[in-house]
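Enquirer: Shown below is the structure under consideration.
None of the figures in this text is laboratory data; all of them are computed from the coordinates on show. All of these numbers come straight from a predicted model, not from anything done at the bench. Here Cβ is always computed from backbone atoms with ideal geometry, including for glycine, and neighbour counts include all displayed protein chains.
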Amino acid sequence: MGLLLAFHQVVNGAVLKGDLQRKAAAMHAEAAWRCNAMRGLKASAGCLFQLNEASGGDARVRGRTIAAGEAVE
């Protein structure tokens with residue numbers, strides 16, 4: 001019975017963690033969309049740079065920035 005309870009707690013924790021990661025990814029994607037929708041190359045690039053810094057250097061944002069020709073040093 002104890003093993004079943006421990007297994008349930010582990011699975012429940014994994015489900016909650018996955019849900020939080022999914023929500024965080026959705027919020028990040030929405031913020032990146034808002035940055036890309038900004039008028040002006042500098043404003044968009046600056047916004048993406050700040051988003052990248054705030055997210056701990058997420059490579060997905062950096063890749064989008066470079067791919068869009070808006071790399072910021």
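Enquirer: Are any residues in region 2-54 part of a loop (DSSP other than H, G, I, E, B) and in contact with a helix residue (DSSP H, G or I) (Cβ under 6 Å, 6 or more places away or on another chain), and if so, which ones?
Expert: Within region 2-54, just 38 meets the criteria.
Enquirer: Can you pull out every residue in region 31-47 that is free of Cβ contacts under 8 Å to residues at least 12 places away in the same chain and surrounded by 10 or more Cβ atoms within 10 Å (Cβ to Cβ)?
Expert: Scanning region 31-47 gives 38, 42, 43.
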